[in-house]
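Read the structure below first, then the notes.
The values are calculated or read from the model by the stated rules, or taken from the named source; none is laboratory data. Keep in mind the model is a prediction, meaning the values are calculated, not measured. Using ideal geometry, Cβ is built from the backbone for each residue, glycine included, and neighbour counts are taken over all protein chains shown. Areas reflect the complete protein model, heavy atoms only, side chains present, ligands, DNA and RNA absent. Shrake-Rupley method; radii C 1.70, N 1.55, O 1.52, S 1.80 Å.
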Amino acid sequence: MVRRRPTSLFHPIGSVDQRVLKRQSQLVTQLNRRGVLRGAVSLGALTMLTGCDISDDEQVRGALEAVSALNNRVQAALFDPNKLAPTYAVDQVLKPPRYNAYYPVDKVRPIDLTTWQLAVTGLVQDQRPWRPADFATMPQREDIIRHVCVEGWDYIGQWSGVPLRAFLEKVGADLTARYVGFKCFDGYTSSIDMAAALHPQTLLATHYAGEPLGDPFGAPVRLRTAIKLGYKNPKWITEILVSNTWRNGYWEDRGYNWFGGI
Ligand SMILES: Nc1nc2c(c(=O)[nH]1)N[C@H]1C(S)=C(S)[C@@H](COP(=O)(O)O)O[C@H]1N2
Ligand SMILES: [Mo]
């Protein structure tokens, strides 16, 4: 890549273009903030570790992605499927919950519950779609857990619904498959590892604080798992997909760490 020369005399002139350095440290800070790196890797350390030319955006991005892939493996190895996340008291619950999505709340399109169906696809025996009422016929569980968004905020929420494990068993999913994927009404996608899908605190949530989910929070059914960051909790789910290969995700495909464990 061509190193751009400072054009103004007010820019420091040296062997390294300060603006390139600034851009790269912004990229590192940005990816760090998104939790991609999860431990601090300084610009200097990155250069030493990878030997890459920090004046080249593509090289730096490639190196950061390699660090993120390593993180996925390390996180998966450290994850204990039997360990429960902390739970909280009912008087700590935030009401209403705090909204977030990749667009503002006034852009939320309510779902028509009379026509809504959940498609069940991939490595499952029973591919019949689900209706809202089907969830009420299943075992229920409630969790009061902390929601953590990588943007740097969190809240305690009271979620109830059907354990994803019970749902997967009911539809005859291949529980040895690698991933459970989710497609949503707003085009959002996410996917989680099977160990997380089978974790007791991973719910297909239909209720918040004992009330049916409000439109902004993913009605009629969304994922709520105590062991993953906010972006791995898809709302307004329209398809659940069991697969060994499909591991897409709206934010994951834009650089957030795929494993996304808390
Ligand atoms: N369908 C859909 N699900 C989504 C999102 C989205 O934009 N669309 N945003 C995710 C992010 S980044 C967060 S932090 C949580 C926010 O959930 P909440 O509104 O219940 O707090 O939803 C997640 N699930
Ligand atoms: Mo988030």
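At-a-glance table
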| read-out | value |
| --- | --- |
| Selection from the range 216-248 of residues that are touching a residue at least 40 places away in the same chain (Cβ under 8 Å) and among the charged types (D, E, K, R) | 224, 232, 235, 239, 247 |
| Members of the range 175-205 that are β-branched (Val, Ile, Thr) and either surrounded by 22 or more Cβ atoms within 10 Å (Cβ to Cβ) or within 16 Å of ligand 2 (Cβ to nearest atom) (or both) | 180, 189, 192, 202 |
| From 216, 220, residue being of a type outside the set (Lys, Arg) and within 8 Å of ligand 1 (Cβ to nearest atom) | 216 |
| Output for the range 128-180, where each listed residue is free of Cβ contacts under 8 Å to residues at least 40 places away in the same chain, under 16 Å from residue 87 (Cα atoms) and of a type outside the set (Asp, Glu) | none |
| All strands (runs of 3 or more DSSP E) inside the range 116-222 with 2 or more residues being in the same structural domain as residue 103 (by TED's automatic domain parsing) and within 18 Å of the chain's Cα centre (by Cα) | 141-149, 153-163, 179-184, 189-193, 202-208 |
| Any hit, the range 90-109, residues being of a type in the set (Ser, Thr, Tyr), assigned by TED's automatic domain parsing to the domain that holds residue 218 and either crowded, with 17+ Cβ neighbours inside 10 Å or away from ligand 1 (no atom under 16 Å from the Cβ) (or both) | no |
| Among residues of the range 142-155, those that are open to solvent by less than 80 Å² (accessible area, probe 1.4 Å) and over 11 Å from residue 98 (Cβ atoms), counted | 6 |
| Selection count where residues are more than 16 Å from ligand 2 (Cβ to nearest atom), over 14 Å from the mean Cα position of the chain (by Cα) and in a loop (DSSP other than H, G, I, E, B), scope the range 223-247 | 3 |
| Selection within the range 206-245 - among the β-branched types (Val, Ile, Thr) and open to solvent by less than 10 Å² (accessible area, probe 1.4 Å) | 221, 225, 237, 240, 242 |
| Boolean, residue 76 is over 20 Å from the mean Cα position of the chain (by Cα) and aliphatic (A, V, I, L, M) | no |
